[in-house]
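Quick note: the coordinates plus some simple rules give every number you see, no bench work behind them. Since this is a predicted model, take the numbers as computed values, not measurements. Neighbour counts run over all protein chains shown; Cβ positions are idealised from the backbone, glycine included.
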Amino acid sequence: MDPKKSIPNPKRKRNNEELLINKKVKNSNVENVPSTSINSKNNVTSGIINKKATTKTRKIPFNNIVNDTKRFTALPVPKKIIPRPSGKANVKASGKSVNYGRTVTKSCPIKPLKLVTKSMTEKNRSRAGILESKQRLQLVTKSMTERSRSRAGILESKMQLAKSRREMIEIKKRNEAIRSRISKIRDDLVRVENEHETLFKSIEQMKKQTATYNEEMKKLNEHCDVANEESNKLSEIILESRKGLELRNNKIIEKRLLYEYQLKQIQEIYAGLKAEENTRKDLHNQNLDLMGNIRVMCRVRPYTDKEKEIEQVSLECFDDKHTIQVSTKRLRLWQMQIEKSTYEFDHVFNTSADQKEVYLELSPLVQSAIDGYNVCIFAYGQTGSGKTYTMEGNVNSPEKKGVIPRSIDEIFDKIEETNKLGWNFEVYVQYIEIYNETIQDLLIDEDKDRKKSCKDRKKSFKEDRKKSFKESKDLCKIVYNEDTRMTIIENAERLKISKKKDMEILIGKASNRRSKSSTNSNSVSSRSHGVFILHLEGENPLEKMSSRGSLSLVDLAGSENIDKSGSVGDQMTEAQSINKSLFYLRYVIQQIKDKSNHVNYRDSVLTSLLKYSLGGTAKVCMLVNVSPSTDSTNETKKSLSFGQDARKAHVGTAMRNGCA
Ligand SMILES: Nc1ncnc2c1ncn2[C@@H]1O[C@H](COP(=O)(O)OP(=O)(O)OP(=O)(O)O)[C@@H](O)[C@H]1O
């Protein structure tokens with residue numbers, strides 16, 4: 001539907017209305033002027049008025065009408081006689097009053113006949129004039145009547161004009177209102193048209209968009225169809241996988257139940273293991289206690305190639321592995337008699353015993369160190385009896401490895417095992433030597449320092465022995481912790497080791513640094529006491545337990561017969577120092593055995609260092625190394641009798657360090 005058609009044109013309407021109004025005005029003008037009261041001239045006048053009315057419909061000035069009326073009344077009137085009109089005496093036409101019916105005459109004197117005739121003629125003439133005037137008067141009267149009529153008509157028309165003017169004003173007002181309405185409507189129309197246009201445009205746009213959307217919808221529908229198909233397929237897959245998942249879930253639940261059951265079993269086993277471990281520890285330590293605090297073992301080294309050629313068997317190790325017999329030939333009553341001395345030890349290793357066999361017997365003590373005890377194993381014997389071989393051996397050979405490297409291996413293996421039970425162990429190492437009653441650190445990393453130290457040391461022996469001794473003493477000091485009953489070597493390196501390999505390298509280096517020299521009894525004779533200490537510090541956060549054990553492995557310098565060894569000079573001094581310290585060691589053990597009130601630990605550095613191992617809460621094992629050579633029988637017998645005496649010494653009850 002076209003909106004333009006439905007809406008009427010306000011302009012056209014207005015024109016129509018105006019035409020109507022003009023028509024009315026025209027008609028009213030024509031109607032208001034009475035045709036009977038107007039003569040031809042008046043008709044012309046009224047025609048003029050009408051014409052004016054037609055041309056100027058809205059403004060018909062009242063003065064014009066009055067003027068017309070004046071013109072209309074200005075007819076020829078006789079000068080002498082003013083006939084009185086039949087109607088009203090006075091008519092105000094122009095505001096001046098006129099007196100009608102009054103005659104203006106002049107007095108005439110008596111004249112002769114001629115004159116009378118003349119006057120008669122004149123009289124007649126005047127009569128005719130009068131008649132004429134009468135006629136004229138009549139005409140004037142008539143015209144006056146007509147004029148009065150026309151005046152009334154004019155008045156009437158005036159009134160009508162005023163009325164029509166009022167109407168006109170009203171119409172005008174209405175017209176204005178209509179016009180304003182029209183303009184408003186027009187504005188509205190314009191606005192509506194604009195809106196319509198906008199709407200139309202937007203409708204067009206929307207139509208386009210709808211078309212685009214329709215296309216897109218079509219495409220989307222196609223996609224939807226494809227997606228629906230895929231979704232159906234996926235639903236099937238999901239259903240299948242859900243079934244699979246349910247199956248897996250069931251399996252997982254089964255496995256979880258199994259796992260929980262196994263975990264429970266493991267926990268029970270663990271608890272059993274823990275109980276067994278505790279029992280083992282207790283039994284082990286009870287066993288060691290029953291065996292005595294100082295365990296003494298004897299090892300007979302094999303014959304050297306040189307000894308094999310000349311020697312005869314003088315030592316016999318019994319099969320019970322506890323007894324050793326020394327046979328010595330002695331001339332008595334002019335008869336050569338064989339004297340046999342038997343010694344008993346916790347274990348006797350004959351010449352065929354290898355490194356592994358020896359270590360197996362010492363292994364429980366190493367376990368005690370892990371359990372938190374202070375353990376001390378030291379090798380005692382005459383020079384060349386195989387102490388260093390037993391303690392160190394050949395570090396690089398698995399067969400010939402001594403107690404020190406084997407202990408390290410076992411400690412690291414056991415630490416790994418204890419990790420499974422929640423233990424975390426840290427291993428620290430110290431390695432010193434007691435040379436001529438001074439403590440030297442074998443873990444000093446810088447060879448330069450070490451060389452300098454050796455140089456100084458040699459110099460000290462040659463030049464100022466006492467001074468050097470004092471200086472060396474200042475270097476490393478022995479300090480006791482009375483609370484924990486532990487010995488601390490101050491200023492000595494304490495290295496943390498986390499790998500076996502690192503430890504082996506360290507021992508190799510330290511071993512090379514040890515003071516050695518060649519004597520008649522031994523080509524590579526140790527001229528110092530080597531002390532290797534492992535500190536084992538363990539924590540178990542699960543059990544809230546801690547453990548602090550130590551393992552001191554001591555390779556003592558060999559006692560030697562100076563005459564026999566042929567030591568002179570420095571070597572003799574070294575031998576004297578060694579013998580002296582070993583004497584004090586024997587003396588201390590004797591005092592312990594005799595349960596003496598005072599034990600002289602401080603007489604030598606060695607006994608000072610072993611104070612808490614020999615007379616404290618430590619587990620001690622002494623390995624008495626002996627030579628099978630008949631040449632060394634006396635020294636062997638001395639070593640064996642010392643070992644036997646030490647075995648009888650009861651130093652006290654071993655105590656575990658750490659807390660449960
Ligand atoms: N059980 C053994 N098996 C094989 N060889 C051994 C054994 N014991 C010692 N030896 C050898 O005997 C020699 C002396 O041994 P070792 O150096 O260990 O004696 P030592 O007691 O340490 O002497 P020193 O006190 O003078 O240092 C070395 O050559 C060593 O290899």
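Grab the beta carbon distance between residue 598 and residue 258, set R0 = 41 Å, and tell me the FRET efficiency rounded to 0.05.
E between residue 598 and residue 258, to the nearest 0.05, is 0.05.
Using a basic spin-label model with each label point 7 Å from the Cα along Cα→Cβ, how many nm lie between residue 426 and residue 183?
Between residue 426 and residue 183, the label points sit 10.4 nm apart.
Between residue 216 and residue 243, 0.36 nm times their residue separation minus their Cα-Cα distance comes to what? Can you show the working numbers first?
On the way: separation 27, 0.36 × 27 = 9.72 nm, distance 3.85 nm.
In short, 5.9 nm is gained.
Taking a threshold of 26 Å on the Cα-Cα distance, which of the pairs 274/321; 321/420; 306/501; 580/637 fall above it?
Numbers: 274/321 34 Å; 321/420 37 Å; 306/501 36 Å; 580/637 19 Å.
Exceeds cut-off: 274/321; 321/420; 306/501.
Quote to one decimal, in nm, the extra length available between residue 138 and residue 124 on full extension: 0.36 nm per residue of separation minus the C-alpha distance between them. If you can, show how the numbers build up before the last one.
Details: separation 14, 0.36 × 14 = 5.04 nm, distance 1.96 nm.
This chain segment gains 3.1 nm when fully extended.
With respect to the cross-link table entries 401/499; 611/648; 400/496, which display a Cα-Cα separation exceeding 22 Å? Please list the in-between numbers first.
Numbers: 401/499 17 Å; 611/648 18 Å; 400/496 26 Å.
Flagged as over cut-off: 400/496.
Estimate the FRET efficiency between residue 543 and residue 224 by the formula 1/(1 + (r/R0)^6), using the beta-carbon distance for r and 51 Å for R0, to the nearest 0.05.
Numbers: r = 66 Å, r/R0 = 1.29.
The computed FRET efficiency comes out at 0.20.
Taking neighbour counts of Cβ atoms within 10 Å as a proxy for exposure, in what order, fewest first, do 184, 321 appear?
Details: 184 11, 321 18.
By the 10 Å Cβ count, ascending, the order reads 184, 321.
Please list, or write none, the aspartates and glutamates whose alpha carbon is within less than 17 Å of the alpha carbon of residue 114, excluding same-chain residues fewer than 8 places away.
Qualifying aspartates and glutamates at Cα under 17 Å: 122.
Separation between the residue 356 and residue 394 pseudo-spin-labels, each 7 Å from Cα along Cα→Cβ, expressed in nm?
So the two model labels end up 1.6 nm from each other.
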